[in-house]
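As structure tokens, the structure follows; a few thoughts come after it.
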Amino acid sequence: MISSGTTLDWRCQALQDTLQTGLPALQVQALGSVDSTSTRLLELLRQDATPRLLVAETQTQGRGRNGRVWFSAPGASLTFSLALPYAPVDWSGLSLAVGVALGEALEPLPPGQAPRLQLKWPNDLWLCDAPGHWRKLGGILIETVATGSGTRACVVGVGLNVLPRPDLQGLRDLRDLSTGHACVQEIEPTLDAPGLLWRVAPALVQALVRFETQGLEPFAAAFARRDLLRGQAVATTWAAAPTGQADGVDAHGALRVQLPGGAVVMVSSGEVSVRPLDRSSLAPEA
Ligand code: BTN
């Protein structure tokens with residue numbers, strides 16, 4: 001079964017044939033509705049380690065980072081997950097590499113052009129309206145699980161807003177949504193959810209294959225170019241570094257944060273969340 005209960009034309013068999021050039025055993029499936037594509041693939045990984053891409057038109061229990069709920073309206077979002085046995089040299093920085101793959105696929109940039117689509121460490125895609133003004137376009141949730149024979153597998157979950165939210169149209173000042181709302185059709189008005197999957201899935205597969213052997217290094221320059229937080233005043237949920245100024249990432253993808261006193265600390269993604277601040281909220285220099 002490759003599609004079940006769907007209303008959109010995902011062309012799963014053709015997509016599977018395309019993606020198998022990078023991941024030979026990959027199975028692609030589309031569902032009309034599921035609790036969560038990532039939850040379902042984690043369950044399947046307990047049975048076998050077949051690489052799978054699962055896209056769903058509706059998720060009834062979509063999950064975001066840090067235990068948050070991921071809301072998406074049918075047809076208005078792309079929600080999919082990719083599961084595969086995975087043994088990278090170094091896991092750190094994987095969400096950055098995935099973000100770069102999605103960003104470059106959605107908004108390829110000629111040299112010298114400033115990106116509109118930016119990456120908010122460690123795993124969000126945001127659209128920049130003007131310096132310091134962003135709205136969230138999508139997110140990435142990466143989970144890992146032990147498989148039999150001592151190996152690990154990962155599930156990369158991707159949620160991207162495709163259409164404007166009808167309830168928000170006409171509202172530019174989205175104070176009711178802490179992250180605002182941006183959608184892919186603001187970049188490419190003709191892309192629908194299946195078209196978007198066809199656009200990003202090959203780039204994602206290619207990036208995962210590359211990251212497994214080469215780590216973050218080949219993605220570092222592209223991340224730096226789209227790094228939303230660089231130079232921004234930030235607040236973190238880590239008590240040792242409540243506020244500071246973001247200063248790029250290190251070779252392992254940890255966020256460099258310069259504290260008000262001048263010291264620089266590395267913040268690893270884990271459960272720390274970071275948000276840009278108005279510069280006026282930074283503590284004064286010691
Ligand atoms: C975040 O920004 O918090 C990450 C959101 C990730 C959402 C995607 S949608 C497809 C996959 N299935 C889920 O339940 N979550 C991820």
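The values are calculated or read from the model by the stated rules, or taken from the named source; none is laboratory data. Bear in mind the structure is a predicted one, so any value in this text is a computation, not a measurement. No Cβ is skipped: glycine too gets one built from the backbone with ideal geometry, and neighbour counts run over all protein chains shown.
Here are some notes:
- Long-range neighbours under 8 Å by Cβ, at least six apart or interchain, first residue at pLDDT 95 or above and more than 9 Å from the ligand (Cβ to nearest atom) within the stretch 115-142, second among the basic types (Lys, Arg) and not in a strand (DSSP E or B): Pro115/Arg225; Pro115/Arg226; Leu117/Arg226; Gln118/Arg226; Leu119/Arg226; Leu127/Arg116
- Looking across the stretch 72-81, the residues that are touching a Ser or Thr at 6+ places or on another chain (Cβ under 6 Å) and not in a strand (DSSP E or B) come down to Ser72, Pro74.
- Residue in the stretch 26-47 that is of a type outside the set (Val, Ile, Thr), more than 16 Å from the ligand (Cβ to nearest atom) and buried (at least 21 other Cβ atoms within 10 Å of the Cβ) present: yes
- Close pairs from the stretch 81-93: first more than 20 Å from Gly159 (Cβ to Cβ), partner buried (at least 22 other Cβ atoms within 10 Å of the Cβ) and among the β-branched types (Val, Ile, Thr), Cβ under 8 Å, at least 6 apart: Gly93/Val249
- Cβ pairs under 7 Å, 6+ apart, first in the stretch 150-178 and outside any strand (DSSP E or B), second at pLDDT 65 or above and hydroxyl-bearing (Ser, Thr, Tyr): Val162/Ser77
- Considering residues of the stretch 99-111 that are under 17 Å from Gly157 (Cβ atoms) and not hydrophobic (A, V, I, L, M, F, W, C) only, the residue surrounded by the fewest Cβ atoms within 10 Å (Cβ to Cβ): Gly103
- Against the test of being crowded, with 24+ Cβ neighbours inside 10 Å and either among the basic types (Lys, Arg) or in contact with a Pro (Cβ under 7 Å, 6 or more places away or on another chain) (or both), the options Leu96, Leu137, Leu125 yield a single qualifying residue, Leu96.
- Residue under evaluation Ser92, criteria (1) touching a His at 6+ places or on another chain (Cβ under 7 Å); (2) within 11 Å of the ligand (Cβ to nearest atom), criterion not met: (2)
- Positions within the stretch 52-71 being near the ligand (Cβ under 6 Å from one of its atoms) and part of a strand (DSSP E or B), in sequence order: Gln59, Arg63
- Among residues of the stretch 48-57, those that are buried (at least 18 other Cβ atoms within 10 Å of the Cβ) and not aliphatic (A, V, I, L, M), counted: 3
- Scanning the stretch 64-80 for residues that are in contact (Cβ under 8 Å) with a residue 12 or more places away in the chain and more than 23 Å from Gln185 (Cα to Cα) gives Arg65, Asn66.
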